[in-house]
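Would you mind keeping the following structure in view while I ask a few things?
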Amino acid sequence: MRRYLALPLAICLALLITAGAALASDDWKAAEAAYKRGDYATSARIIRKLALQGLAKAQAQLGYMYVRGLGVPRSYAEAVKWYRQAAEQGVAKAQYNLGVCYDTGQGVPRSYAQAVKWWRRAAAQGHAKAQFNLGVCYLKGEGVPRDYVRAYKWILLAAGQGHPKAIRVGPILARRMTPAQIAEAKRLAAKFRPKKAR
């Protein structure tokens, strides 16, 4: 008897999950439309609902809305809360933004080590701004030991994606490095493959 119930229950569960995903998609579209027309309060209300349901991109967007005060009161502490939830789900943009919060001390105590932690995760996914910031941390020795090879590797990767500051800083850094260091950084950059988010 249990055998015969398992298949219908599995089908019902699959249908519920599919219906839930469709509703979330419709809600996301409604939130985007409200945002585009400048109705930030409506957008924030819908996005908050989706964020509370665990939708990572909604959590990241809600964090951004708290930073900017769009439809919600400006609050860096709330932004950090939502960025962290999305970052822990692997959203590179949220990881980058959480790193910025730690770097600047907005909503959290300033911590270069924490900024590096989150930028490293976003950089590993190919996020150019995170790659540049991580490179600068290695260049300055902020949150990590100073390491020109790693600095140049990350700056090269960001420059390869067209990051304007990385394009300018790369040659300046290279002038401080030995040919062997440059060759090693280029080897590491060539070996890099972005990781996919969980």
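Among Ala92, Ala113, which is on the phi < 0 side of the Ramachandran plot and surrounded by 17 or more Cβ atoms within 10 Å (Cβ to Cβ)?
Being on the phi < 0 side of the Ramachandran plot and surrounded by 17 or more Cβ atoms within 10 Å (Cβ to Cβ) holds for just one of Ala92, Ala113, which is Ala92.
Taking the range 132-163 on its own, how many of its residues are out of contact with any Pro (no Cβ under 9 Å at 6 or more places or on another chain), over 11 Å from Lys186 (Cα atoms) and of a type in the set (Ser, Thr, Tyr)?
1
Being part of a loop (DSSP other than H, G, I, E, B), under 25 Å from Gly90 (Cα atoms) and either under 19 Å from the mean Cα position of the chain (by Cα) or not acidic (Asp, Glu) (or both) is the filter here; which residues of the range 123-170 pass it?
Gln125, Gly126, His127, Gly143, Val144, Gln161, Gly162, His163
While we're looking at this one, here's another question. Those residues that are among the aromatic types (Phe, Trp, Tyr) and within 13 Å of the chain's Cα centre (by Cα), I need them from the range 38-63; list them, please.
None - no residue of the range 38-63 is among the aromatic types (Phe, Trp, Tyr) and within 13 Å of the chain's Cα centre (by Cα), so the list stays empty.
Of all the residues that make up the range 171-189, how many are surrounded by 11 or more Cβ atoms within 10 Å (Cβ to Cβ), within 29 Å of the chain's Cα centre (by Cα), farther than 19 Å from His127 by Cα and of a type in the set (A, V, I, L, M, F, W, C)?
Adding up the residues that qualify gives 3.
Quick check: is even one residue across the range 138-148 out of contact with any Lys or Arg (no Cβ under 9 Å at 6 or more places or on another chain) and among the hydrophobic types (A, V, I, L, M, F, W, C)?
No, every residue in the range 138-148 fails to be out of contact with any Lys or Arg (no Cβ under 9 Å at 6 or more places or on another chain) and among the hydrophobic types (A, V, I, L, M, F, W, C).
What residue, of Gly135, Gly71, is more than 29 Å from Gly170 (Cβ to Cβ) and either buried (at least 17 other Cβ atoms within 10 Å of the Cβ) or of a type outside the set (Val, Ile, Thr) (or both)? Show your work before the answer.
Numbers: Gly135 fails: more than 29 Å from Gly170 (Cβ to Cβ).
Answer to the check: Gly71.
Only one of (1) at pLDDT 95 or above; (2) assigned to a helix (DSSP H, G or I) is not met by Ala22, so which one is it?
(1)
Which residues, taken from the range 34-45, are in a helix (DSSP H, G or I) and surrounded by fewer than 21 Cβ atoms within 10 Å (Cβ to Cβ)? Explain how you work it out, then say what you get.
Here is the first cut: in the range 34-45, the ones in a helix (DSSP H, G or I) are 34-36, 40-45.
Residues satisfying the conditions are Ala34, Tyr35, Lys36, Tyr40, Ala41, Thr42, Arg45.
Scan the range 51-63 and give yes if some residue there is farther than 25 Å from Gly126 by Cβ, surrounded by 11 or more Cβ atoms within 10 Å (Cβ to Cβ), at pLDDT 90 or above and not charged (D, E, K, R), otherwise no. First the steps, then the outcome.
From the range 51-63, those farther than 25 Å from Gly126 by Cβ are 52-53; that's our starting set.
From what is left, the residues that are surrounded by 11 or more Cβ atoms within 10 Å (Cβ to Cβ) are 52-53.
So of that shortlist, the ones also at pLDDT 90 or above come out as 52-53.
Retained after the next criterion (residues that are not charged (D, E, K, R)): 52-53.
Scanning the range 51-63 turns up at least one residue that is farther than 25 Å from Gly126 by Cβ, surrounded by 11 or more Cβ atoms within 10 Å (Cβ to Cβ), at pLDDT 90 or above and not charged (D, E, K, R).
The values are calculated or read from the model by the stated rules, or taken from the named source; none is laboratory data. Computed from a predicted structure; not experimentally measured. We place every Cβ from the backbone using ideal geometry, glycine too, and count neighbours over all the protein chains shown.
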